[in-house]
Structure formats: C-alpha cells, structure tokens
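Peer 1: Right, I'll just put the structure down here and ask away after.
Taken together, the values in this text are just the output of simple stated rules run on the coordinates, not laboratory data. This structure is a prediction, so every number in the text was calculated from the model and none was measured. Glycine gets a Cβ as well: all are built from the backbone with ideal geometry, and neighbour counts include every protein chain shown.
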Amino acid sequence: MTNITIAKGDGIGPEIMDATIKIIMAAGADISIDEIEVGEKVYLAGNLAGIAKESWDIIRRNKIFLKAPITTPQGGGYKSLNVTTRKFLGLYSNVRPCMSLHPFVKTKHPDMDIVIIRENEEDLYAGIEHQQTDEVVQCLKLISRPGCEKIVRYAFEYAKQYGRKKVTCFTKDNIMKQTDGLFHQVFDEIASEYPGIENEHWIIDIGAAKMADTPEIFDVIVMPNLYGDVLSDVAAQITGSVGLAGSANIGEQCAMFEAIHGSAPRRANQDLANPSGLLQGAVMMLNHIGQGAIAEKVQNAWLKTLEDGIHTYDIYNEGISKLLVGTKAFAEAVINNLGQKPALLKPVQFDKNSALVLPTYKRQKPKNKELNGVDVFVHWSGSNPDELAAVINQLNSADAELTMITNRGIKVWPEGFEETFCTDHWRCRFKPVNGNAFNKTHIIELLGNAIDKNIDTIKTENLYSFDGKPAFSLGQGQ
Ligand code: NAD
C-alpha cells in the first residue's frame, strides 16, 4: 500500500480528479489517499504560495503527489505552485510522453511515440538575473555536473525500464561549449554504460526541426531545462492531443504527477471535461510506485475506450467518434474496459515494471584548479573600443595586463571591426604578465585602481583552468 497526496485543484480539477481516482481504484490501485487544498482559494485567502504549511508536511510525508490543475490568480504577486513544488522538492526530472492516437485523434504524425525528459531545476531557470548597465541585462545559465548526471541517467534508466531503443540528447554545445558542453559530455559518459540502448546527439536547432517534421525517428529525448520546456510543448501539440497528455516531475525522494493542461474554468462543473491528461499522470504515478500491472490495465482500457469512439467534446470528431460523453460517462467506459486491450492502437506492457531506483550522485575527486586571469566587466558609454582600451590600459601592472576587450562576446579590441555594433557593456580580459603567478590579490588591486581612475566596473569573472585545461570561453573572433 502506498500513501499518496492528492489535490483536486480548481476549475475542472475536482471533476477530472474524481474520475481518475475512480478508474485507478477500480483497476485495483493499492493506494491510500490524503487530500490537501491548493490553488485559488488558498491564494485568495492571502497565502501567496497557494499552499499551507500543513499541506507541505503531508506532501513531504507521503512523497507521492497527484495534482489536478489549479488557477493562479492574475497579478498580486502570487507564486506559481508548480515552480515552487519542483524547486522545493528537488523534482529534477520532467517526463512527458507524447504519443499520437491516430486515427482517433487527428494528427499529421500518426506514428509518433516519443518521451521528452527535461532537466527541471537548473539552466536559465535558476532565475538569477541582473541589470548591469543602462543597456544590458543578464541571466545566468547554470549547469551542474550532478544536474546533468541525474537527468541523463534518469533518461537511460527510463529507456531500459520501458523497453525504449534509443536516447537522443539535444544541446547547443557548438555555441555554449562550457554549459551545454558539460551536458553533452555527461551524456556521452553515461551512454557508454548502457550498450544495449542506442544513443545520439543532435544540435538542438536541427534536432527540433527534425522532431517537428519527422518525430517518428525519435524515441526518448533528453535535454536541458529551457529547450525541454519549449520542445515538450511542441511535441505534445503535434501529437494532436495536448489535452490528453500527462507529465511527471520526479525527484530523489518525492514525485508529482499531473495533466499538462490548465484548469479550463469555462468548462468547470458541467461534466464536460476530459479526464485523460490527469489519468495519464496517474498511470505514470502507478508505474513510478511499482504498480506496473495496474498502470498497464488502466492504460490499455483507456486506449480501448478511445478506440471504441467514446469521446468527450474536446476530441469528438464526426465520422470517427461513436458516442459523445461527459467526464463521468467516460470514466465509466474506461472502467468497463478494464482487462481489455486495444486492437488498433498499440497495447502497452508495464506489468514487469518496478519502481525506478537510481544511484545517488557521487562527487568526483576535485581537480587541480588554477586562476589564470580575470574578466572585468565595465559600464562605459563610449563607442570606440580603442578609446576604452586606452582607459583600461591604465590598470595594467607588473602582474596583469589587458589582453582583449569584447562587446556582447565579440572581440572589438585589439583589431576589431568598425562595423561591429557595441553596447555600453564591455568585457575586459586581464591575463598575468609573462605567465607569472596570478591570484585574487591582483584582482582586488585591479578593482582598486579602477575606482581611482573612475572606471565603472560592474562585475568580474575569474578565469580558471581545471587540471591544466582552460575552462572559459574565448572571445568570438579571438
Ligand atoms: P487550459 O489548458 O485550462 O485551457 C485551454 C483550452 O483547452 C480551453 O479551451 C479549455 O476548455 C480546453 N481544455 C483544457 N483541458 C481540458 C480538458 N481536460 N477537457 C476538455 N477541455 C479542456 O489553459 P488556459 O485557459 O490558458 O488556463 C486556465 C487556467 O489554468 C489559468 O489560470 C492557468 O494559470 C491555469 N493553468 C494551470 C496549470 C497547472 O496547474 N498545471 C497548467 C496550465 C494552466
């Protein structure tokens, strides 16, 4: 018996949750349920997070959370409960199966059956943003080795568990050699531990284009947070059935399962809504807690129901659909089909599945880290880089000297192009003179001199090498 927490949410949430629970209980799910209140009512009672402390206690105790969609009130500083839950509970893996249900749901891609596995905690979503000059703002893209290892390993273990043949990695490491480069490198390392599963890497631009055009060539796709956010919606959309998709957010200790659609308030309380998205979330939940046989029974009955043409209004299609039903009747039809398999759609086989257990991350031996210089970022409103170089060269000392200036990453000094457009945000790279030793005292001296010379330094980035290998990007054109 597994204890789970449910939240019925807002809008159509209570109706689709009731239908979902009824179906999985009829299938024999071995669960006990604690219900909590989240969402609109909690927000409007003045709780900006949309969830009470006692509810967190229940979620953390049970560890498994099935959540119906909620309505986040507009304005007023309300925090998205989804984002908070993911971050607080360390739900690093977002799993979204995207499969077409042709011919029962219209799609241009009848043979599509892919699973997007998106890193869920880091990348540009750390939310570390700063305005630095009048013209320039920045957002830090943080990628960590544990973050990469956990998500990539999850993708391969998922593929192994679900009999998937191939894991594809999407990054843009031809441009972001450090951040996306690390993701790709870890992918290659971990892929080599799974010789039975094919692996490949695509640069995200052409990979995304190919996925939108010929999704049937992909199986499991793993990627960093931002790309995954965008492409998991594209993938769900092109199956033709965004309203039927579920998603799982998996952490080392806790997991949350949901539908990908929202609370559809205009459809609430009319027995109209399609419970399929949340049911798909519940199927993933049953698999996650090791009740694969029940998950299989539910999934095959659901596929059979769609195949029988028993459809809610959102997928009802003259000519293909046979019977227009509401939420309750749809749930009854799925329950009546428990134990049956679809004939045309491919039945699933989950009965041998056990809960996925992943090894915990082990920190590697620290590398030999050396300071090789510093990038000093400067706010300067001139336009001629040679003039700026003359100003910055005043900071040169016996220990450190200016070697390069870039603007938005492009080298503008020495020997820049006059065509290059420049903003008021400049990176000035200082390296030790004659390869002499360089330490943080030199950086402090540099910054002290900059104050004396009235130079507006906005930040510094240390230039390190790890085990003798430079670990920072060159200027474009350097
Ligand atoms: P939505 O997904 O609620 O609705 C989009 C369209 O799809 C509507 O026409 C709706 O009627 C239809 N639809 C959605 N789910 C359906 C279902 N199960 N059955 C039948 N029809 C369905 O998106 P929205 O209108 O942009 O957002 C409404 C609210 O949902 C907003 O407050 C938003 O913040 C919230 N939302 C919550 C979540 C979540 O909790 N995970 C996700 C997205 C949006």
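Peer 1: Using 7 Å Cα-to-Cβ label points, what is the residue 137/residue 401 separation (nm, one decimal)?
Peer 2: 4.0
Peer 1: Another question, if that's okay. Points 7 angstrom from Cα along the Cβ direction at residue 74 and residue 130: gap in nanometres?
Peer 2: That separation, rounded to one decimal, is 3.5 nm.
Peer 1: Follow-up question, since we're still on this one. May I ask for the Kirkwood hydrodynamic radius of region 369-470, worked out over all distinct Cα pairs and given in angstroms to one decimal?
Peer 2: 13.8
Peer 1: With +1 assigned to the C-beta of every Lys and Arg and -1 to the C-beta of every Asp and Glu, and no other charges, what is the dipole magnitude of region 350-478 about the Cα centre in debye, to the nearest 20?
Peer 2: Rounded to the nearest 20 debye, it is 980 debye.
Peer 1: Still on this model: Just in region 347-448: which GluC sites (Glu not before Pro) are loop by DSSP and have at most 12 other Cβ atoms within 10 Å?
Peer 2: Of the GluC sites (Glu not before Pro), the ones in loops of region 347-448 whose Cβ has at most 12 other Cβ atoms within 10 Å are 415, 418, 419.
Peer 1: Now, a different point. Would you mind calculating the gained length between residue 469 and residue 357 on full extension (0.36 nm times residue separation, minus the Cα-Cα distance), in nm to one decimal?
Peer 2: Extending this stretch completely gives an extra 36.8 nm.
Peer 1: Restricting to Cα atoms and excluding each atom paired with itself, what does the Kirkwood estimate give for region 131-210 in Å?
Peer 2: With all distinct Cα pairs of region 131-210 included, I get 13.9 Å.
Peer 1: I want the local charge near residue 121. Using Cβ-Cβ distances under 14 Å, sum +1 for each Lys or Arg and -1 for each Asp or Glu among the other residues.
Peer 2: Surrounding charge for residue 121 is 0.
Peer 1: Follow-up. Among the trypsin sites (Lys or Arg not before Pro) within region 329-436, which fall in a DSSP loop and have no more than 16 other Cβ atoms within 10 Å of their own Cβ?
Peer 2: Sparse-neighbourhood loop trypsin sites (Lys or Arg not before Pro): 352, 362, 363, 367, 408.
Peer 1: How high is the FRET efficiency from residue 451 to residue 269, r the C-beta distance, R0 56 Å, rounded to 0.05?
Peer 2: 0.30
Peer 1: A follow-up question, please. Would you work out which of 380, 460, 423 lies farthest towards the positive end of the dipole of region 369-470? Charges go on Cβ: Lys and Arg +1, Asp and Glu -1.
Peer 2: Value computed over the given set: 460.
Peer 1: Now for a separate question. Below 11 angstrom from the Cβ of residue 163, what's the summed charge of the other residues (Lys, Arg +1; Asp, Glu -1)?
Peer 2: Once positives and negatives cancel, what remains is +3.
Peer 1: Would you mind computing, in nm to one decimal, how far apart the modelled labels at residue 394 and residue 320 are, each placed 7 Å from Cα along Cα→Cβ?
Peer 2: Taking the simple label geometry, residue 394 and residue 320 are separated by 7.2 nm.
Peer 1: From the helices alone, meaning DSSP H stretches of at least four residues, give me the mean residue ellipticity at 222 nm for the chain, per-run term -39500 (n - 2.57), in deg cm²/dmol to the nearest 500.
Peer 2: -9500 deg cm²/dmol
Peer 1: If N is the number of residues in region 32-190, what value comes out of its Cα radius of gyration divided by 2.2 N^0.38 Å?
Peer 2: 1.29
Peer 1: Would you mind finding the longest exposed-site-free stretch of the chain, with exposed chymotrypsin sites (Phe, Trp or Tyr not before Pro) meaning DSSP loop and at most 12 other Cβ atoms within 10 Å?
Peer 2: Longest stretch, sites excluded: 1-416.
Peer 1: Before anything else, pin down the relative contact order of region 376-418: Cα pairs under 8 Å, at least 6 apart, normalised by residue count, whole percent.
Peer 2: 28
Peer 1: Moving on to the next point. Could you state the principal axis extents of the C-alpha atoms in region 315-394, from the largest down, to the nearest angstrom?
Peer 2: Largest first, region 315-394 extends 82, 43, 24 Å along its Cα principal axes.
Peer 1: Could you work out the relative contact order of region 369-470, using alpha carbon pairs under 8 angstrom and six or more residues apart, expressed as a whole percent?
Peer 2: 46
Peer 1: Another question about this same structure. Which value, in Å to one decimal place, does the Kirkwood hydrodynamic radius take for region 1-100 when every pair of different Cα atoms is included?
Peer 2: Hydrodynamic radius (Kirkwood, Cα only) of region 1-100 equals 14.6 Å.
Peer 1: Using R₀ = 25 Å, calculate the FRET efficiency as 1/(1 + (r/R₀)^6) where r is the Cβ-Cβ separation of residue 41 and residue 87; round to 0.05.
Peer 2: About 0.65, to the nearest 0.05.
Peer 1: Give the peptides 286-299, 107-120 in descending order of average Cβ contacts within 10 Å, highest first.
Peer 2: 286-299, 107-120
Peer 1: Using 0.36 nm per residue, how much length does the chain from residue 408 to residue 368 gain when fully extended, once their Cα-Cα distance is taken away?
Peer 2: Gain on extension, residue 408 to residue 368, equals 11.4 nm.
Peer 1: Measuring from the lowest to the highest alpha carbon on each principal axis, how far does region 165-291 reach, largest first, in angstroms?
Peer 2: In descending order, the Cα extents are 52, 33, 26 Å.
Peer 1: Okay, moving on. Mind listing which trypsin sites (Lys or Arg not before Pro) in region 163-247 are in a DSSP loop and have 16 or fewer other Cβ atoms within 10 Å?
Peer 2: 165, 177
Peer 1: Expressed as a fraction of 2.2 N^0.38 Å, the rule-of-thumb size for a compact globular protein of N residues, what is the C-alpha radius of gyration of the chain?
Peer 2: Relative to the rule-of-thumb radius for its length, the chain sits at 1.16.
Peer 1: Given contacts defined as C-alpha pairs under 8 Å and at least six residues apart, what's the relative contact order of the chain, whole-number percent?
Peer 2: Value for the chain: 16 percent.
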